[in-house]
1. Whenever you get a sec, compute what percent of the accessible area on region C:5-257 sits on carbon and sulfur atoms (1.4 Å probe).
2. Amide H of residue A:100: which non-local residues (sequence gap of 5 or more, or other chain) have their own amide H closer than 5 Å, using H built in the peptide plane?
3. Using alpha-carbon pairs under 8 Å, 6+ residues apart, how would you state the relative contact order of chain C in percent?
4. Could you list which residues have their amide H under 5 Å from that of residue C:73, counting only those 5 or more apart in sequence or on another chain, with H placed in the peptide plane?
5. Over the whole of C:103-113, what's the average partner chain Cβ count within 10 Å per residue? Rounded to a whole number, please.
6. Which angle between 0 and 90 degrees, to the nearest 10, do you get for helix C:405-418 versus the longest principal axis of chain C when only C-alpha atoms count?
7. Mind ranking B:291-299, A:300-308, C:416-424 by how tightly packed they are, going by the mean number of other C-beta atoms within 10 angstrom, highest first?
8. Hey, with R₀ at 60 Å, roughly what FRET efficiency would residue A:95 and residue B:95 work out to, going by the Cβ-Cβ distance, to 0.05?
Amino acid sequence: MLAFLGRRLIAAMIVMVAFSFVVFFLVQLPPGDFADVWAASRAAQGDTVTPDEVENIREAFGLNRPFVVQYADWMFSLLQGDLGFSFEFQKPVAHVLAERLPLTLAISFAALVIIYLVGVPLGIYSAVRQHKMVDYSATFIGYFGLATPNFLLALILVYLAQRWFGLSAGGIFSPEYLGQPWSWGKFWDMLSHLVIPVLVLGSAGTAAQVRTMRATMLDELSKPYVRAALATGKSPWQVILKYPTRVAIIPIVSTLGWELTLVISGAPIVGIVLSLPDMGPVFLQSLIGQDMALAGVILLIYYLLVVIGTLISDLLLFWLDPRIRMGVESK
Amino acid sequence: MTAAADLSRRQLAWRAFRSNRLAFLSLCLLVLLVFVSLFAEFFAPYTPQERNRAYTDGAPMGITFTNADGGLSLAPMVIARVTERDPDTLRRVTVADPGARWPIAFFARGESYSWFGLFESDIHFFGVGDGGYLHLFGTDRLGRDIFSRTLYAFRTSLSIGLASVVAAFVLGITVGGIAGYLGGIVDAAIMRVIEFLQSIPTLPLWLTVAAAVPREWTALQIYLVMTLILAMIGWTTLARRVRSRIIAMHSDEHVLAARLGGNRPVRVFRKHMLPAFTGYLIVDLTLAFSTIVLAETALSFLGLGLREPVVSLGVLMLPAQSIAAIILTPWYLIPGFFVVIVVLLLNFIGDGVRDAADPSSY
Amino acid sequence: MDPIIDISGLTLALDKSRSLPSLVDRLSLSIGPGETLGLVGESGSGKSLTSLAIMGLLPKAIGATAGSILFRSERAGAVDLVRLNDRRMRKLRGREIGMIFQEPMSAFSLVHKVGEQVAEPLVLHHGLSRKAAVAEAAHLLDRVGVREAGRAVERYPFEFSGGMLQRAMIARAVACTPRLIIADEPTTALDVTVQAQVLDLLAEVQREVGAAMLFITHDLAVASKVADRLAVLKNGRLVEEGPTRQTLNAPRHDYTKALIAALPRRASQTVAPASEADILTISDLSVSYRESSGFSRRRALKKVLSDVSLAIRRGTVTALVGESGSGKTTLARAALGLIRSTGQVTMVAADGSRFDVGTLTGKGLRAYWRRAQMVFQNPYASLNPWQTIEETLVEPQLQHGLASTAKARDTAVEMLERCGLEAGMMKRFPHAFSGGQRQRIAIARALVVGPELLFCDEPLSSLDVSSQARIIALLKSLRRDLNLSVLLITHDLAVTSALCSDVAVMREGQIIEYGPSDEIFDRPRDPYTRRLIAAAPKLELT
């Protein structure tokens, strides 16, 4: 157990380092560096900037050192908790994110819960009732869930919410609660605003999960051990929930990390479209403004979440699948 | 019908595909859509940048078969619009004039266009005569016809998708083929890299890459970069599949038999492995294609992909980013449904091909 | 005494298409207490469907359209299983009717402990607590000969061997002392030596419990070992039924006669050794794989063949016998140069040319393959589904540069006819043929290039008994007519004794005994060979 955990942790660390390398590369990618940006902003204010001054800045911030050295420096300061400064917001990156990270986490987590809570049972049910109404409708909805871009779904839901419920979707509070102290009313108002983002973020994942679960279940249901279990006199549902479900859940759990990847991928767009005060709009703004210090840290946070998700899914698998525990070869 | 025994595997697969009504219908519809958008200049009543100043942010106009006096007519018409001043606000507004009709003419003259520089014409498939106008999907803030723009955008989105899929395919089949064929350390190394790439949340990554593209680049340069970026999104899955199939097929009895039969390696691959491959590859390609179309839309929608004056489905929806816009002008979303339709069609076709390529289905 | 189960006029059909012929047609059978009925038939004859009908576990699309299955239940009296509702049926399943399935590895869930799965009927029907049931399961496992039963209940199925797992399945089937045991091909997936042990155990357990047993098999020899009476099923119809000895000694129905005749017998004729020269010499051949084990991706070197030496005399059939996983197929593929190996393989052709397989590449290998060919195990996988039979048979000749297209076509037709198919079938694709026909095509493909040496890798194992007999006859006549030397890989000793003049016995990647067929069968030296021969089911005729 400990050896397994150790190996996984080391693997996660290696992946994280690789991620950070990619991120740093991207941060460096746009033409021009901090010194140029500084020069441009000074010039915008009407100051004249000499090339020498720019060069001094460059020297002072170590911008002309080799890539690897700069990377090490960047990583080192990140690890010390210094996330850098955002030009776009004129605030330290840490401050920009502190306000927004909790909401991003809450929405992503809620979407993940929805994906599994809805996707898995629906997948099981439509496999068992293959070629029945529920199965067909689940398949149909599944196709649409996969085919509709997240942002389009968000836009449609916003339109419908406005038209039918008079909800001022977008943001997380209705105008009347802005600046008000916390109350039950305000809390409910916030929850009602979070329904759409969570639904949107969860839609594609749920659709994919229903599909996978259904296919795996259909596969498992046709296996001899199901019939053998029925031959002991158990009722069909007892058998289904005890044996094939248990087997089919394994591949589902193993995709947890990947599912998180998808949710994280979709999160920025949903945040932008619904103008939520989460990391999404900040991310977009930082990208458009080429504020790479901020963008880089946000990317790193996204990746950290993915790595943690993968780690959790590995541990769950270890617990769920005796074959992994025993180190037996799997097909 | 010929007896199944005398048909080739390919004929059987085609027959199986055709008997899958949903997949076959999807293929027909896709072919139709591609055809129409390929000749967008002809089928669109307006050119993408043509402005109708009398009808900005205008709602979609329906086609009617009833005359102004309530009688039925065989020829399609639109209800005429008039522009008048709102008596209270004194602003100019355009309203329907139920008493007048603009007849729709086929092969009508409109703005002249050049089809890929090959021929020039001003004949459009349909249009309304002088003074009138027809905007099936409404117009945008500048009064440009969303229906016409959607046709052009559809072509752009499909073409960039196709180019990316081809690039992804070449990359995937090469890398996957090398990994599968060489095996050993090369294979292990390639697989680790692919696993790493697949574990990266793609969208934020490519958003970042796209954001790094210099602002002053031309539309064509951006188009090419976008193709590469989109190809990067799709190639890993393809590479993995190609590799696992090559490895599996290497010890297939009929492949071994082909080697014993004196076939040289290239011929073994071409004659004895590739045919069984094709079905699966088409499936993978359709799925990769749909992923890429979705990705392009998302990137362009955020303003980080293609940009005006190039119109893609994502670009068309860019103005729909603000919530106010959606509520006031929901028809901005119409191009989005074309994305949904293409992805659905591709998925249905992919499923159909998968079933048809599966030997146990007949 | 009243029979435990009495099937009369049972007819099973696809629900929606009553116009199609029934899958099981007016079947009547009965089994008394302590009696074993062997239900024999080829695949698709309806024997498994019959057993599922008794269990009430028929696939949804299939239903009983006529007849009854009268079961004398201990608690509920006589009931008709066809009409019993599901709730009452469940009370019988696992309690009064126990079932043993074909493949133990797939009949257990791999992610649940064996003890828990064996204990299932005890929890359900005897209301035992989980803990008590598992303790009882340990007791049962001990009774069926699973070693260290106390620990075994805590293990998972993938930690068991096939034989041990089949014992566990027997334990689960008899946990509640059923009145009827249904065994559906219980030993088909097992190796010969294990098969004998499991059959003995099954008979012993049945005696202990005093149950009636329905034993389903495609193998007459196995059936003759365990059954008191035999029932022969063909296309869903009962064609013959009677006491085992009587049925085997004096079969009344032609089909039964054919089945018995199809069983390979020991050849009395010793093939005259054409010449003493060896056509193929293998010495110190080894093959190892790097295999990744488990999730840690550690790679271990696994030896599949170690230092095998073997010689095939020109003009003879040499059998390579061994249980699954012993390395037979690997040996053949390595000898053909299809996979990498170390050691020496030398073939001397009739014209005197020598091939050192280890040193050959590209062109040299192709020259070797003109002389040495192979027939594969699975005729459903060994033909390219995208080529017509004509292309399949012409291509090797052209690729080996042996003939012009027109001449190659003539050779193809000739070979096809020789293999018992018609020239008119040349334009068809493999999917139009049955398994037996495909195997004939595969044989023809191997022979069109005129090889001297033929490797046959279990050419019969995926065929029905009757097509097996015909393929054996074909191989025999082809060997004689074309003066072939053959290495026949098989797990079936009966086939071996019918065809081969030399036998090599393989176990765990090594050849443990090798010599003339008669000697090996009459005076086996190695204890494993002895066990293998003793365990092979033989038709017990008096």
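1. So the carbon and sulfur contribution to the accessible surface is 48 percent.
2. Here the answer is none, since no amide H 5 or more places off falls under 5 Å of that of residue A:100.
3. 15 percent
4. Placed amide hydrogens put C:78, C:79 under 5 Å from residue C:73.
5. The shielding value for this peptide is 6.
6. Roughly 40 degrees, rounded to the nearest 10.
7. Top to bottom by mean Cβ count within 10 Å: B:291-299, A:300-308, C:416-424.
8. Given R0 = 60 Å and the Cβ-Cβ separation, E is 0.70.
The values are calculated or read from the model by the stated rules, or taken from the named source; none is laboratory data. Because the structure is a prediction, the values reported are computed rather than measured. Because the Cβ atoms are built from the backbone with ideal geometry, glycine has one as well, and the counts that use them run over all protein chains shown. The area values use the complete protein model at the heavy-atom level, side chains included, leaving out ligands, DNA and RNA. Shrake-Rupley method; radii C 1.70, N 1.55, O 1.52, S 1.80 Å.
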